[in-house]
Amino acid sequence: MPDTPAMRTVGFILLPGFPLMSYAAAVEPMRAANTLLGCELYRWWHAAPGGGAVQASNGIAILPDVDVGDTALDADRVFVCAGGNPAGFDDPALTAWLRHLARRGITLGGISGGPYLLARAGLLTGRRCTLHWEHVPAFEERYPEIEVVRSLFEIQDDRITCSGGIAALDLMLNLIERDHGPGLAAGVGDWFLHDQIREGLSPQRMDLRLRIGVRDPRLLRVLAAMEAHLEAPLSRQTLADLARVSIRQLDLLFRNRIGVSLHQHYLALRLDRAHRLRRESDLSTSAIATATGFASAAELSRAERRRRLKAKAPSNATGT
């Protein structure tokens, strides 16, 4: 008679405003694996700071069945699932519990913004991690000693981090493959109409050609360089050299293909980064200005004010 497959217990610590898609993409593959193999390969529990029902970002609530701080619970892996502004969430009881779980040798993971909580507890020091691209700039400013990789997920010994969204499905399929073999992982992927199990190092973001809707290789080189150099913006001449055109020709390419000037697009990227840093970090305006390529806090504030005024200005278009 064949041996009964090992059963694993997985915990989910859900923070208020957690991303429901990320959570569902992590828990549903385990349910499917149980169903497909006809036995309990996985069981899971939920915990939340405060102990009451915890709401996802879309308002759906989940009732925890484990208390934060429980030192006797069973778990092989525990994931912190967070969204919104994880940098602003500080719960000493949760931090202490995560450290306790780590001392017990339990594998700890963070999904979407969850790595913030592991980093706050000192559990990612000397490790490589990933998290949702929206949280990366503030995370890197706050934890410069932690290596951040812009990948779908990272599995490094007893730490697992995931960028969230559908990447959580790819993560769980990889874990199911490690636990029970490629056949079951493929079956679970097929169950969810997921015809390709992506590797962890796959990029998080959509290809620039699709995300911005351009195919011109000259523009693509420049756009990629802009996104990679927000703290120390590249000069217009450097960008034109990348495109192998004149500054005037490059500006015309931007206006014709993207609808704004070269300067306007670059400025918008830097202001978007500044907005995320304001929302997700406690950095001063001066520090945010430095991190986004502005000469001073005053220059950043003026640029933000002009953007707000422009957004509020009535359209010049007329109807009939």
Test: residue in the stretch 262-276 that is closer than 19 Å to Glu227 by Cβ, in a helix (DSSP H, G or I) and aromatic (Phe, Trp, Tyr): yes
Out of all the residues in the stretch 128-146, is one or more farther than 27 Å from Leu269 by Cβ and at pLDDT below 95? no
Being modelled with pLDDT under 75, closer than 30 Å to Gly183 by Cβ and surrounded by 16 or more Cβ atoms within 10 Å (Cβ to Cβ) is the filter here; which residues of the stretch 195-210 pass it? Gly200, Gln204
Number of the condition not met by Arg178 [criteria: (1) under 17 Å from Val136 (Cβ atoms); (2) in the same structural domain as Gly109 (by TED's automatic domain parsing); (3) not acidic (Asp, Glu)]: (1)
Just for the stretch 253-311: of the residues that are β-branched (Val, Ile, Thr) and without any contact (Cβ under 8 Å) to a residue 40 or more places away in the chain, which one is surrounded by the most Cβ atoms within 10 Å (Cβ to Cβ)? Ile288
Take Thr238 and decide whether it is free of Cβ contacts under 8 Å to residues at least 24 places away in the same chain and buried (at least 16 other Cβ atoms within 10 Å of the Cβ). no
In the stretch 241-261, anything assigned to a helix (DSSP H, G or I) and closer than 18 Å to Arg215 by Cα is listed as Leu242, Ala243, Gln249, Leu250, Asp251, Leu252, Leu253, Phe254, Arg255, Asn256, Arg257
Against the condition under 26 Å from Leu37 (Cβ atoms) and free of Cβ contacts under 8 Å to residues at least 24 places away in the same chain, how does Gly122 come out, does it pass? no
Given the criteria surrounded by fewer than 19 Cβ atoms within 10 Å (Cβ to Cβ), among the small types (Gly, Ala, Ser) and either touching a residue at least 60 places away in the same chain (Cβ under 8 Å) or within 23 Å of Ala75 (Cα to Cα) (or both), does Gly113 qualify? no
Condition first: touching a Cys at 6+ places or on another chain (Cβ under 7 Å) and among the charged types (D, E, K, R). Now tell me which residues in the stretch 148-158 satisfy that. Glu154
Selection count where residues are surrounded by fewer than 19 Cβ atoms within 10 Å (Cβ to Cβ) and part of a loop (DSSP other than H, G, I, E, B), scope the stretch 128-142: 2
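The values are calculated or read from the model by the stated rules, or taken from the named source; none is laboratory data. In this text the structure is predicted, and so the values were computed from the model without any measurement. Ideal geometry is used to build each Cβ from the backbone, glycine not excepted, and the neighbour counts take in all protein chains shown.
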